Each structure stands twice: as C-alpha cells, then as structure tokens.
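No value in this document is a laboratory result; all are computed from the given coordinates. The shown structure was predicted, so the numbers you read here are calculated from the model rather than taken from an experiment. Glycine gets a Cβ as well: all are built from the backbone with ideal geometry, and neighbour counts include every protein chain shown.
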Amino acid sequence: MVTDIDVKLQPLGQALIQAHQWLSASLLNLMHERGHRELTRTHLTFFNSLNCGMTHASDVARRMGITRQAVYKVTKELQKLGILELVDDPEDGRQKIISMTKRGERIALDARECLDLIEAQLAGQIGRRNLEILKTVLAKDWGPVIEGDCSEPGPKAVE
C-alpha cells in the first residue's frame, strides 16, 4: 500500500489525466479480455456518457464537450458494431435519440463489472479510505467553469 510519504505531488491537471489514462486503459484491457476486442477507448468514454435507456445526441455532446457531429460519428461506429441505435425523437423531429441494443446492454453490464474490479484493485493499492476520500472530493461541486483572466487569484480555499 502507498503511504502519503511515498507520493510526490504533481500538478492537479497531470494527476487527473494520469488517473484517467490508468482507468481507461485498465477498462479497455478488461473489456478486451471479456471478448469485446472491437471497442476502443473512445467508444468506452462515449458509452460512459449515455443514460440507461435513451439519450438525446445533444445531451451526449454537452456532457462530453464535443460537437453533435462528433457524437454522430461515434454513434455510427457503434451502430455498425450492433451496440447502439440512432432514431428520430418522435416528440421533437430536430432531436435524435441514442439507445442501446441488447448487445449494448450486455456490454454496459460487462463494463460495470470491470469498473467494480478496477475500483477494488485501486482500493487495494491506495487503501479503501483513500479511495473513499478521492471519490468524495471528486464528487464535490467545483463551481462554474472558470472563464476570462486567470491572473487574479480566486477566493481562498476552504480547509
């Protein structure tokens, strides 16, 4: 187990990117091991932005911070793999609805199981208490996205 003394702190951005890369690579490896070799990191990240059931393409674009065109590109890839369906919204002709096929639902269940394994592995590595603290801190409201001039320091941190 890693102790606080063993850790060399790095800038937050680097730490978050490194953690995301570890998580996504681990998930991809486990999903490939389960036979889903056609999936990419992009597919898994996209999949994570879907609701259970049906999701509007515009909602996925907003969650991921990408264009609707990019959403449609990945959706079409996943359609060809028989994982997702894209249909017109019967209530709003301007919207498209993304939904999972039966195969997509099985993949979502496999991904959830893999993420549980990853979390258990991480708890073993950094300690269950540290994992709970990490999840708690990441779940906090970070406030609105910062815009404009970053030369002025923000409000003092609350300890």
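At-a-glance table
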item: Principal axis dimensions, largest first and in whole angstrom, of the chain by Cα; result: 53, 43, 20
item: Surrounding net charge for Gly35, when Lys and Arg each add one and Asp and Glu each subtract one, Cβ distance under 11 Å; result: 0
item: Computed label-point distance, nm, for sites Arg41 and Ala139 using a 7 Å Cα→Cβ extension; result: 2.7 nm
item: Cβ crowding within 10 Å averaged over residues, with 127-135, 57-65 ranked highest first; result: 57-65, 127-135
item: Long-range lysine pairs (8 or more apart or interchain), segment 12-138, Cα under 20 Å; result: 5
item: Label-point gap, in nm, between Gln21 and Glu85 - each point 7 angstrom along Cα→Cβ; result: 3.9 nm
item: Alpha-carbon Rg with Dmax, taken over segment 1-88, Å; result: 16.4, 55
item: Under 14 Å, Cβ to Cβ, from Met64 - net charge with Lys/Arg +1 and Asp/Glu -1; result: +4
item: Calculated [θ] (222 nm, deg cm²/dmol) that DSSP helices of n ≥ 4 give over the chain, each run adding -39,500 (n - 2.57); result: -18000 deg cm²/dmol
item: Per-peptide average of other Cβ atoms within 10 Å, ordering 35-44, 137-146, 14-23 highest first; result: 35-44, 14-23, 137-146
